[in-house]
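K.L.:
Quick one: this structure, given as structure tokens, is what I'll be asking you about.
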Amino acid sequence: QEIQLEGYDQVIFYSGIAGPSRTDKDFYSFYIFNHLFGGSPRNSLIGIRLREEAGLTYSGYSYVNYFRDLGYLTVYFACDKAKYQQASAVIADLLSDIKTHKFTEAELAVAKQYLMGKYDIAFSSNSRISGFMLGLLVHDLPVSMLKDRNKFVEDVSLEDIHRIRDKL
């Protein structure tokens, strides 16, 4: 659905793709797939195609939202009105092409390293730790997830990434 507001020079685009819930066995594959697809604004497919190659937007990315029984990937970009049609066509092409895109072991290794390092430094305050603990309660996950999370990330294979991609 497209909503147009008068008086704005910029277009903000959001689109969602259903995926696994937080408690699904494929959650970490989905999480890493997102990072490769659009989770890193500069080094992901979305960032490279929209910003680096086409120069259509300052920022374009995707992120994972999840609940106990539902997960989804949100694609976002903002651009000048004059570039919207071209930018949305790039996203449409990317969403079509992703079904056959083959990520590499090197890309997967870099994504894992980043996501595991980011997680390790995320426990920098009591409020952040409390937020993680609350998330465990909300999603009915064991406290051991705090310790085991990076192992789940480490265990995701390239085959897992391509399998989750094929389900989207």
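The values are calculated or read from the model by the stated rules, or taken from the named source; none is laboratory data. Keep in mind it's a predicted model, so treat the numbers as computed, not measured. FYI the Cβ positions are ideal-geometry reconstructions off the backbone, even for glycines, and counts take in every protein chain you see. Accessible surface areas use protein heavy atoms only, side chains included; no ligands, DNA or RNA. Shrake-Rupley method; radii C 1.70, N 1.55, O 1.52, S 1.80 Å.
For (1) among the acidic types (Asp, Glu); (2) closer than 23 Å to LEU36 by Cα, each residue gets a yes or a no:
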site	(1), (2)
ASN65	no, yes
ASP80	yes, no
LYS83	no, no
SER88	no, yes
LYS99	no, yes
LYS112	no, yes
ASP160	yes, yes
ARG163	no, yes
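K.L.:
Cβ-Cβ under 6 Å, sequence separation 6+ or interchain: first residue in the range 62-90 and free of Cβ contacts under 8 Å to residues at least 40 places away in the same chain, partner outside any strand (DSSP E or B) and aromatic (Phe, Trp, Tyr). Which pairs?
P.N.:
Pairs found: SER62/PHE37.
K.L.:
In the range 1-33, how many are open to solvent by 50 Å² or more (accessible area, probe 1.4 Å) and part of a loop (DSSP other than H, G, I, E, B)?
P.N.:
Total satisfying the criteria: 12.
K.L.:
Got a number for residues in the range 48-67 being surrounded by fewer than 17 Cβ atoms within 10 Å (Cβ to Cβ) and closer than 13 Å to ALA89 by Cα?
P.N.:
1
K.L.:
Considering only the range 123-153, how many residues are touching a helix residue (DSSP H, G or I) at 6+ places or on another chain (Cβ under 7 Å), closer than 25 Å to PRO41 by Cα and exposed (fewer than 13 other Cβ atoms within 10 Å of the Cβ)?
P.N.:
Looking only at that region, the number is 1.
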